[in-house]
Amino acid sequence: MPDLVLQARGVAKAFAAPSGRLAVLADVSLEVFSGESVSIRGSSGSGKTTLLQLLGGLDEPDVGEVRVLAPGLGLVRPRTSLGRGVGFVFQNYQLMPELTALENVSLAARIAGASAGPAESAARELLAQVGLANRLEHLPARLSGGECQRVAIARALVNRPSVILADEPTGNLDERTGVEIMDLLLGVVAERGAALILVTHSREFAERAGRRFVLSGGVLSPA
Amino acid sequence: MPWFLHLALRQLFPPGKRFPAFATVSILGVGLGVASLLVVQTVMNGFGEEHRLRIRESFGDCVIVGSSPLARPDTLVAELRKNKEVEAATAYAEGPGLLRQGDFSGVAAVRGIDPADARQPARQYVMAGNFDDLDDGRVVLGAGLARILRVNVGDHIELWSPAMTERAEKGKAPLPADLVVCAIVRTGFTEVDDRAALIPLRRFREIWNLGPRAHGVILRLKNPSDAPAVAGRLGVGHPDLRFVPWQDIKKNFLEAIRFEKTMLFFLMFIITLVASFSIGSTLFSAVIRRSREIGVLVSLGSGRWQLVGLFGVQGLLIGALGTTLGFLLTWVMLFFRENILGSINAVFGDGDMVANVYQFSKVPLHYDISDFIIAAFFTLVTTTVAGLVPALWAAGRKPSEAMRDA
Ligand SMILES: Nc1ncnc2c1ncn2[C@@H]1O[C@H](COP(=O)(O)OP(=O)(O)O)[C@@H](O)[C@H]1O
Ligand SMILES: [Mg+2]
């Protein structure tokens, strides 16, 4: 029986809007186990990003609760284990423009408390794993979109999180690169033993996940 | 090095850019502010020091005067010389005299001194002639006075004292004393150079009908900064005399300089303050531009205070580098001060402004380490606050919202 790495129960979230309250998530429950991949599909504005932010602890739900497995801490609220329980991969890569590929990845390890030496060797290892061993000293501006997303994937994995939350990771990439990144993401995440929650509006990519959901009307339903 | 310090350095000085715009402009702004502050303070110190020096040269470390001329100055001098806090004591007399050479005449502050006194301060300012030639038939003149009278070393001048009228026969004009200029001194202090005439005390007594009397005694002390206390101790046995330490001579004037210096500190500090405001506003826009990056840092587990550190340190670094640059600029500007002043005078006319208004022919300087420490302290505080305000604001935002901002 695999471990439970992420659990959301009865999560609801609404935002203040000019026309009153905008209920984005009505009642979302989800359980994710170690090593599995889950896809969430939904049209633009359906609340996918909002859900990932709640799962990753960047925001708090109005109702309900979220728990993630943080190494050494057990199941905790994601807020308290930022950077360790989950790793984020964003659509726009969100790398630090002034840092090299190597520094971007080791920065994540440094923030999580690693000292400079171990952080750098962990970063080298992961960048080699995502195929960027010869791009270590490149600044993001000198990397292609696909290469930037590889750096971002390495960064998300460097602290050995139990879940990777990927928010439309291929949204800014051309079709072929998108496929490459999907292959890499599914491969590397599985290799590392982490679970993957993949948000996408591509039916094709969504199909590749072990379990598939559709977010619509603020509720999550199996696809 | 903590990660946020590393990142702050990279954000301030992005790799591959030799002169990053924000850092360069901000550091220059702070540097100029600090430099103008310190230039003004150092020159003000120079004025103060120069005045103190002149006061001590003219009146010694302590001057002893009475309500009437000292009846037996020689016994007083002999007594004071025995005191171990006193290094030297000489009697002097002074008074206004009328000088004339041919068609030119001028009013002089004539002083009777001991020509044998090797420590007489005027000796170090001789620009022509020989101070040692001073005897009863000769006079030492200030350079400005010599110019007014159109005389050089070896020329004759005539001197009238107010006392001469007493001796003149009824109905006859008094006869002036005839003196040969033996030396000309230039102290750089206009008030002295334009008026001073030195003759031996013995001759002064004759011309001013003083007999054995003198107007006062000038003391040099072992420890001049202690003059007020020493003056108090020395004065105990002489209730009829006033022992005035040099610090009390022209006290109001020295106070005015000090006050002026403090006022100028605050005025000049406004420049640094303005520079800090622009640092603050630039950091604010940097924080907004980096909203998403801040969100990412939070998602990576960065704490609130590390974010504050990330941006606060940038203000501090700019303050520190700007202060250093300001120190360097201060030194350079003061090193070339005469050239700078010369060019300003050349452009805006009226060459001798400093000499005429401030009594000095050169811009005086006095570096005071405490000015530098105070300037550095205030600058670092304001630039750090300028960085901290946007930093605190950034750290207080919700990461989910920060990431939605462009
Ligand atoms: N902070 C916020 N304030 C107000 N409305 C928001 C906020 N965040 C998201 N929304 C709204 O919630 C809805 C869902 O947004 P989002 O989760 O980004 O959708 P998706 O990622 O599925 O495209 C959108 O209509 C969006 O405008
Ligand atoms: Mg989205």
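If I take every Cα pair under 8 Å that is 6 or more residues apart in chain B, average their sequence separation and divide by the length, what percent do I get for the relative contact order?
28
Just by accessible area at a 1.4 angstrom probe, what is the order of B:Trp331, B:Trp3, B:Trp305 from largest to smallest?
Descending accessible area places them as B:Trp305, B:Trp331, B:Trp3.
Using the Kyte-Doolittle scale, find the helices of chain B whose mean hydropathy is at least -1.0 and whose Cα atoms extend 24 Å or more along the helix's long axis, counting only whole DSSP H runs.
Helices passing the filter in chain B: B:21-59, B:251-289, B:304-335, B:369-396.
Just read off the accessible area of B:Phe266 with the full protein assembly in place, 1.4 Å probe, to the nearest 10 Å².
Its heavy atoms expose roughly 120 Å² to the probe.
Count charges around B:Asn83 for me, please; just the other residues with Cβ under 14 Å from its Cβ, Lys/Arg as +1, Asp/Glu as -1.
Combined, the nearby Lys, Arg, Asp and Glu give +1.
For the protein assembly as shown, what is the mean residue ellipticity at 222 nm derived from helices alone (per DSSP H run of n ≥ 4: -39500 (n - 2.57); sum divided by total residues; nearest 500 deg cm²/dmol)?
Using -39500 (n - 2.57) per qualifying helix, the result is -15000 deg cm²/dmol.
How would B:Val244, B:Val389 rank on accessible area, largest to smallest, probe 1.4 Å?
B:Val389, B:Val244
With each pseudo-label sitting 7 Å past Cα toward Cβ, what's the B:Ser370-B:Val274 distance in nm, one decimal?
Each label point lies 7 Å from its Cα, and together they span 2.9 nm.
Please work out how much length the chain gains when fully extended from A:Glu65 to A:Ala141, using 0.36 nm per residue of separation minus the C-alpha to C-alpha distance, in nm with one decimal.
23.5 nm
Using a 1.4 Å probe, how large is the accessible area of B:Ile113, given in Å² and rounded to the nearest 10?
My reading of the accessible area for B:Ile113 is about 10 Å².
For the stretch B:72-212, state the semi-axes of the equivalent ellipsoid (square roots of 5 times the eigenvalues of the alpha-carbon gyration tensor), sorted largest first and rounded to whole angstrom.
With the √(5λ) rule applied to the stretch B:72-212, the semi-axes are 25, 21, 11 Å.
From other protein chains only, count the Cβ atoms within 10 Å of every residue's Cβ in B:289-299, then give the mean.
Mean shielding by partner chains, rounded to a whole number: 5.
Using a Förster distance of 35 Å, how high is the FRET efficiency between B:Ile288 and B:Val332, based on the Cβ-Cβ distance and rounded to 0.05?
With a Förster radius of 35 Å, E is 0.40.
Scan the stretch B:140-200 for GluC sites (Glu not before Pro) in coil per DSSP, keeping those whose Cβ has at most 10 other Cβ atoms within 10 Å, and list them by number.
B:Glu169
Just subtract the alpha-carbon distance of B:Ile340 and B:Arg404 from 0.36 nm times their residue separation and send over the number in nm, one decimal.
17.7 nm
Over chain B, give the accessible area per residue in Å² for a 1.4 Å probe, as an integer.
So chain B comes to 49 Å² accessible per residue, rounded to a whole number.
What are the aspartates and glutamates whose alpha-carbon lies under 15 Å from the alpha-carbon of B:Lys251, with same-chain residues fewer than 8 places away excluded?
Partners within reach: B:Glu49, B:Glu50, B:Asp61, B:Glu260.
Can you give me the solvent accessible area of B:His6 with a 1.4 Å probe, rounded to the nearest 10 Å²?
Rounded to the nearest 10, that gives 60 Å².
So what is the relative contact order for the stretch B:72-212, in percent, with contacts set as C-alpha pairs under 8 Å and at least six apart?
Result for the stretch B:72-212 is 32 percent.
Can you work out the FRET efficiency for the pair B:Asn209 and B:Arg186, with r the C-beta to C-beta distance and R0 = 35 Å, to the nearest 0.05?
With a Förster radius of 35 Å, E is 0.65.
From largest accessible area down, sort B:Lys82, B:Lys398, A:Lys13, B:Lys222; use a 1.4 Å probe on the protein chains.
Heavy-atom accessible area, descending, gives B:Lys82, B:Lys222, B:Lys398, A:Lys13.
Please report the net charge: other residues with Cβ closer than 14 Å to the Cβ of B:Phe47, K and R +1, D and E -1.
0
Mind giving me the nanometre distance, one decimal, between the label points for B:Arg167 and B:Asp103, set 7 Å out from Cα along Cα→Cβ?
Placing both labels 7 Å along Cα→Cβ, they lie 3.1 nm apart.
Relative to the present Cα-Cα distance, how much length would full extension add between B:Asp74 and B:Ala229 at 0.36 nm per residue of separation?
53.4 nm
Measure off 7 Å from each Cα along the Cα-to-Cβ vector at B:Leu392 and B:Thr262, then give the distance between these two points in nanometres to one decimal.
With each label point 7 Å from Cα toward Cβ, the separation is 3.0 nm.
Here is the link list: B:Lys261/B:Lys362; B:Lys17/B:Lys261; B:Lys84/B:Lys250; B:Lys250/B:Lys362. Which ones come out longer than 29 Å on Cα distance?
From B:Lys261/B:Lys362; B:Lys17/B:Lys261; B:Lys84/B:Lys250; B:Lys250/B:Lys362, over 29 Å: B:Lys17/B:Lys261.
The values are calculated or read from the model by the stated rules, or taken from the named source; none is laboratory data. Since the model is a prediction, treat every value here as computed from it, not as a measurement. Positions of Cβ are generated from backbone atoms using ideal geometry, with glycine treated the same way; all protein chains shown enter the neighbour counts. Side chains included, ligands, DNA and RNA excluded: accessible areas come from the protein's heavy atoms. Shrake-Rupley method; radii C 1.70, N 1.55, O 1.52, S 1.80 Å.
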